[in-house]
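Colleague: Input: one structure, supplied below.
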Amino acid sequence: MNLLRVQQPLDVHLRWLLPLSTLVILLASWEAAVRATHTQGLVPLPSGIYRSGTNLTLDGVIFEAMSGSLQRVLIGFSIGALAGIPLGLAIGTIPVLNRSLRMVLDTLRSIAPIAWIPMAILWLGVRGNAALFVVAYAAVFPFVVNASQAAQLIDRRLVDAARALGAGRWVVIRSVLVPGCMPMIFTGARIALSFAWASIIAAELAIGIKIAGQGRSVAGIGQLMVETLYVKRDVDALVFYMLVIGLVSLLIDTGLRRVQQRLLPWNAK
Amino acid sequence: MNSAVELRNVGKVYISARDGERVEALSGIDFSLRRGEFLAVVGPSGCGKSTLLSMIAGFSTPTTGEIMFEGKRVAGPGPERGVMFQDYALFPWRTVAGNVEFGPYARGIKPADRHARVQALIELVGLRGFERRYPQELSGGMRQRCALARMLANDPVMWLMDEPLAAVDLQTRIILQDELLRLWGDAGRNAERPTVMFVTHGIDEAVLLADRIIVLGRRPGRIKQVVDVNLPRPRAPLRNSPEMARLAAQVWDLIRDEAVQAITEESR
């Protein structure tokens with residue numbers, strides 16, 4: 001029994017070799033299975049994904065679509081932060097405001113952002129603003145929730161200490177409340193960004209359906225996928241897009257964590 | 001007028017967060033702190049000694065009576081009354097220098113004007129070389145020194161200290177007691193010294209440091225007795241002397257019964 005033996009750390013080479021060989025075996029049998037059953041075109045091929053990926057990277061299509069989507073995510077995320085952080089801090093510090101707004105906010109928060117897509121299209125049209133609205137909607141609540149909770153949990157004695165040292169209301173807000181809430185707000189930011197990224201794909205997919213290929217909507221990765229599905233019918237490219245979407249959200253989260261370590265060195269453990 | 005703080009029939013009632021019961025924390029406190037005196041407040045757990053301190057600091061208001069500081073009614077905290085908290089309450093996002101600097105910064109003093117004073121204080125409390133550390137990276141004793149320097153940066157005329165040495169080990173406590181006396185001006189004259197109100201569990205500590213000791217009783221907290229410590233200063237050489245031991249025993253006699261009672265009541 002392995003459990004009963006003293007655990008030896010794995011050999012360095014083995015540590016890389018094991019997962020790598022799993023991957024190679026998986027890809028090879030996948031490729032072989034698709035070819036053997038002649039299901040190319042319906043089921044993607046690893047070699048096809050690689051080929052599509054190289055082509056789409058070389059002709060720049062993926063970058064163009066990605067920058068369109070990312071731009072909307074960043075704008076929506078920023079709107080969410082600018083509205084959500086002050087609102088959350090205010091709710092967290094003023095009980096009357098909390099009591100007045102909490103129910104409405106919780107109700108709004110329960111509505112999935114993508115459920116707003118039809119209304120957003122009705123109000124803002126398909127030129128990108130509808131997607132932006134959905135993204136901002138998705139991003140604002142994690143900020144509100146985390147900022148308000150952080151403000152409620154702030155150490156009262158730190159506020160007392162600041163006041164005893166001569167701090168007035170604004171110094172307390174700027175130099176105690178805000179820095180004290182920053183770690184939780186950052187956690188909220190990471191949630192907000194992943195929500196925003198998920199919503200932009202969904203929104204673009206939904207908005208893109210009717211007008212893809214007619215060049216009317218602002219192109220993003222979602223629209224590109226719709227076009228690839230209905231017009232080009234290229235399953236390999238679809239899977240390549242999926243991989244890129246995953247990679248980008250991983251990069252974004254890693255980046256945010258780096259920013260957090262840089263901005264809040266006292267909180268880095 | 002020679003008193004720094006006057007407590008006139010001060011009482012405090014609050015509603016318990018646990019069971020909504022009405023708790024009378026303090027009742028009928030009538031007392032004056034002389035300017036420049038070192039006053040210690042002792043008493044069993046739950047006698048309201050921290051409540052008393054926080055009302056003089058201005059964090060909470062008395063339910064009855066009034067508190068005067070330098071002839072004016074206390075309406076809130078102020079930089080002339082420095083506070084030291086039991087568990088330091090340092091700002092975790094500020095370095096040692098940033099914490100010490102907070103008072104002058106909060107009062108709007110320009111960075112160039114506050115720098116020299118901050119540096120001098122850091123050296124005074126022995127934290128030179130640790131300016132850029134965060135509080136989490138310091139030992140308990142060093143955090144305590146940082147909190148002391150932070151309080152001193154405002155040159156407060158009154159020091160309000162809530163069990164400031166309770167969280168450090170015994171050896172560190174002895175060292176910090178001596179330093180505290182030195183910084184207060186144990187060898188100096190009364191007029192030049194800040195007024196201190198020092199809340200503590202340590203009866204020996206109270207005898208070592210204070211000119212007078214207020215002994216509080218509990219439920220409701222009221223002044224049981226005021227003990228004069230008529231020992232010469234500087235005090236450090238008198239540590240462990242028979243006179244101090246005798247005074248400590250006298251104070252302990254006043255507290256013992258209620259302290260025993262407090263232990264059993266608290267576990268309910």
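Colleague: Taking a ≥ b ≥ c as the square roots of the Cα gyration tensor eigenvalues, with a/c under 1.5 meaning rounded and otherwise prolate when a/b beats b/c, else oblate, which class fits region B:114-167?
Modeller: Oblate is the answer for region B:114-167, as a/c is 1.5 or above yet b/c matches or exceeds a/b.
Colleague: Assign one of three labels to chain A, namely rounded, prolate or oblate, based on the Cα gyration tensor with a ≥ b ≥ c the square roots of its eigenvalues; rounded applies when a/c is under 1.5, prolate when it is not and a/b is larger than b/c, and oblate otherwise.
Modeller: oblate
Colleague: Counting Lys +1, Arg +1, Asp -1, Glu -1, what net charge surrounds B:A249 among other residues with beta carbon under 12 Å of its beta carbon?
Modeller: After counting each charged neighbour, the total is -1.
Colleague: Would you mind listing how long region B:165-221 runs along its three principal axes, going by Cα atoms, in whole Å with the largest first?
Modeller: Per principal axis, max minus min of the Cα coordinates gives 38, 30, 14 Å.
Colleague: Would you mind ranking B:M158, A:M119, B:M84 so that the residue whose beta carbon has the fewest other beta carbons within 10 Å leads the list?
Modeller: A:M119, B:M158, B:M84
Colleague: Next question. Just in region A:1-79: which trypsin sites (Lys or Arg not before Pro) are loop by DSSP and have at most 12 other Cβ atoms within 10 Å?
Modeller: Here the trypsin sites (Lys or Arg not before Pro) that fit, given the DSSP loop and packing criteria, are A:R5.
Colleague: What value, in deg cm²/dmol to 500, does the helix sum -39500 (n - 2.57) over DSSP H runs of n ≥ 4 give at 222 nm once divided by the residues of the protein assembly as shown?
Modeller: So the helix-based figure for the protein assembly as shown works out to -18500 deg cm²/dmol.
Colleague: What is the Cα centroid distance between region B:175-224 and region B:101-171, reported in whole angstrom?
Modeller: Centre-to-centre (Cα) distance: 20 Å.
Colleague: Sticking with this structure for a sec: Would you mind computing Rg(Cα) / (2.2 N^0.38 Å) for chain B, counting N as its residues?
Modeller: Against the compact-globule rule of thumb, the ratio is 1.01.
Colleague: Here's a follow-up. Over all residues in A:179-186, what is the mean tally of Cβ atoms on other chains that come within 10 Å of each residue's Cβ?
Modeller: Taking the mean over all residues of the peptide, I get 1.
Colleague: Okay, moving on. Calculate, for B:Q86 and A:A33, the FRET efficiency according to 1/(1 + (r/R0)^6) with r their C-beta to C-beta distance and R0 60 Å; round to the nearest 0.05.
Modeller: FRET efficiency, B:Q86 to A:A33: 0.30.
Colleague: While we're on this one: Take every Cα pair under 8 Å in chain A that's 6+ residues apart, average their separations, divide by the length, and report that relative contact order as a whole percent.
Modeller: Normalised by residue count, the contact order of chain A is 24 percent.
Colleague: Another question, if that's okay. First check a/c for the protein assembly as shown, with a ≥ b ≥ c the square roots of the eigenvalues of its C-alpha gyration tensor; if it is under 1.5, answer rounded, and if not, answer prolate when a/b is larger than b/c or oblate otherwise.
Modeller: prolate
We did not get these values from a lab; they are worked out from the coordinates using the rules stated. As the structure is a prediction and not an experimental result, all values here were calculated from the model. Reconstructed Cβ throughout: ideal geometry from the backbone, glycine too, with neighbour counts over all protein chains shown.
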